[in-house]
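The values are calculated or read from the model by the stated rules, or taken from the named source; none is laboratory data. Please read these numbers as outputs of a predicted model, since none were measured by experiment. FYI the Cβ positions are ideal-geometry reconstructions off the backbone, even for glycines, and counts take in every protein chain you see. Heavy atoms of the whole protein, side chains included, go into the accessibility calculation; ligands, DNA and RNA do not. Shrake-Rupley method; radii C 1.70, N 1.55, O 1.52, S 1.80 Å.
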Amino acid sequence: MRTDPDGTDGDDSDRSAREWCDEALTRLNAGRPDSALEAARRAADLDPAAEWPHRLISLAHERLGRDADAVPFAERAVDLAPGSWPARLRLAAALRRMPGRWAEAVAHATLAAKFAPEQPAPEVMLGDLALLRGEHAGAERRYRAALTLDPGHPQAWVNLALALLRWERPRPHHDPAWPIGPRETGRARRALEVWSRQARLLVAVATVAVAACAFLLDLGAQAQIGGFAVLALLVPLTVRHARRVGLWSYVPAMFGRDPWLGADVVSAAVAVAAYAAWLVLAAVPSALDPVWAGLAGIAVLGWPALAAVRALAETWRGRPLRALAETAPATAAERTARRNAGVALWIVLGRTWSALVMVAAGALVAEPRAAVAAVAVPYPMVRGYLRARHRGDLPLRAAAGLVALAGPACAAGGLLGSAWAWRIGLGALGLVVPVFAVRAARAWWRGGPGPWRSSLLMCDLPVGGEPSVDLDPEVRQAFSYARGVVLSYGDPLGPRVAGAVASVTSSGELRLIAEAAVWEAVEADPRVAVFASDPLQRRFWVEVRGVALADADVLRVTPKQVQVGEFPGRHQRRG
């Protein structure tokens, strides 16, 4: 008697490899990957030819954050059972986190979908791979295909909503298919961001300082010299950060994947150029004063203007109302869905608030009666809020109530000419800003999700731990002693059957020798069924449905489902 890793006493010698695998899967589901890893290793020691223990070892390493350690065991599982869709899926999940192996992950996930078109997990994995690369239309298509197979799949619902929101992962500048890792591109991005931030800050402060010295202290010539000194200071600063970038060949592609990174760098370069032109024109006669003032405005206000444009663009990106509708089925069971629903409601709120501000401003400037359109603006927000049934965010409810009040109040002010109605409407819109600020400050202080797009999370449930199909002794006996084995397969003209010679390996894999036409057919559709009857038990028959792949001079069939029965027809399904 000894103590197991899970804290219970038991005789380890009585457990088989599959029992240890069952125990490892139970521990993984209980959130104990360390203990699960030990159990999976024991299973692999007892049956090194079985692929299920290696999948579980890979999954345990992944849950422990050891992505590099998870890959070899997933590859070993595929080598042992190349026709296993869970093994292909496990390898795809492990490879997607490895630099330069993105294409391999897609290839294995595609094979998993080909081997098991009735399973939703391969479609979800292909959707995740597309979503992580920013291919939102492709991800949406894959998630909808998965939901057709399993309408209750929580990960498909949550990540479908992210695709509709046009979600970007935390490192949008990096392409997972690149042969370099995100650390290298991350260093390049940080160097570009720091340079743009420092350059814009320097020219903004220098512009204000030079103008103050020229107009308030009457030191125009001295201030201009100091301004050129700041411009000279930017030269070594730029050279230093340019050396830190290093990966200049990837920079254009990084800008293409993350346009806001490119906008930051370009706006910094424009601010520096405007500042330099402003200094040169400082001594030009007063006829050029508007140009001079405009250049100063670019140098000082370019950064805040870009931040405002970005905030507005992020608010109006994607389809948050549709995303809320797609997330609703999963909010009860998945915590990530509830979190993302709250963020989506803030996005809808920001979109509604900005629309009301534009309507109210247009009405005040052009035609007050046009404010009647403000009545309908809050309707989509209210509908989305009621559909999501989000109860836990008090600032969100307060802000939504203020926006819902602002619409009718502004409309009444425009139609009736009531100053008090305008004050109420505009005041409600103004109060939304401090409510948002309080909510953002609380999220920052507590380290929780904030009311912004970057708080959206991708649902990433563990995959590849499904049990493998086990062939029991009577099934093995049937194939070992069968005088004739029938192989059923499909080709473009329909289903076909052919005779074959079969054997069973110790790991439960079938090895077949069949005619050349079968080999050609399984390349297009590897799904087959193998039928045999036991001559020792004349009424006993067995049918194994699985995936056939060519290997040297044999077809390797990985079982997916086993049916056994007795003539004339009684049967039962296994696996």
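A compact table of results
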| item | result |
| --- | --- |
| Every residue from the stretch 308-336 that is in a loop (DSSP other than H, G, I, E, B), within 19 Å of residue 461 (Cβ to Cβ) and open to solvent by 50 Å² or more (accessible area, probe 1.4 Å) | 332, 333 |
| Test for residue 552: is it among the aliphatic types (A, V, I, L, M), closer than 22 Å to residue 79 by Cα and free of Cβ contacts under 8 Å to residues at least 12 places away in the same chain | yes |
| Which numbered condition residue 44 misses (of (1) closer than 17 Å to residue 72 by Cα; (2) touching a Phe, Trp or Tyr at 6+ places or on another chain (Cβ under 8 Å)) | (2) |
| Answer from 157, 167 - the residue that is among the hydrophobic types (A, V, I, L, M, F, W, C) and part of a loop (DSSP other than H, G, I, E, B) | 167 |
| Counted residues, the stretch 514-534 - those being more than 43 Å from the chain's Cα centre (by Cα), open to solvent by 30 Å² or more (accessible area, probe 1.4 Å) and more than 14 Å from residue 498 (Cα to Cα) | 1 |
| Total residues in the stretch 362-392, condition surrounded by fewer than 18 Cβ atoms within 10 Å (Cβ to Cβ) and under 31 Å from the mean Cα position of the chain (by Cα) | 9 |
| Subset of the stretch 190-200 that is in contact (Cβ under 8 Å) with a residue 60 or more places away in the chain and open to solvent by less than 30 Å² (accessible area, probe 1.4 Å) - its residue that is farthest from residue 274 (Cα to Cα) | 192 |
| Single residue of the stretch 18-59 satisfying the filter (of a type in the set (Lys, Arg) and touching a helix residue (DSSP H, G or I) at 6+ places or on another chain (Cβ under 6 Å)) that is surrounded by the most Cβ atoms within 10 Å (Cβ to Cβ) | 55 |
| In the stretch 66-99, residue nearest to the chain's Cα centre (by Cα) [restricted to those that are over 21 Å from residue 44 (Cα atoms) and open to solvent by 40 Å² or more (accessible area, probe 1.4 Å)] | 97 |
| Leading residue by the ranking (nearest to residue 211 (Cα to Cα)) among those in the stretch 289-307 that are at pLDDT below 85 and open to solvent by 70 Å² or more (accessible area, probe 1.4 Å) | 289 |
| Total residues in the stretch 415-428, condition within 28 Å of residue 345 (Cα to Cα) and more than 40 Å from the chain's Cα centre (by Cα) | 4 |
| Residue ID - nearest to residue 87 (Cα to Cα), chosen from residues in the stretch 122-150 that are in contact (Cβ under 8 Å) with a residue 40 or more places away in the chain and open to solvent by 20 Å² or more (accessible area, probe 1.4 Å) | 132 |
| From the options 469, 504, 438, residue that is among the β-branched types (Val, Ile, Thr), open to solvent by 20 Å² or more (accessible area, probe 1.4 Å) and out of contact with any strand residue (DSSP E or B) (no Cβ under 8 Å at 6 or more places or on another chain) | 438 |
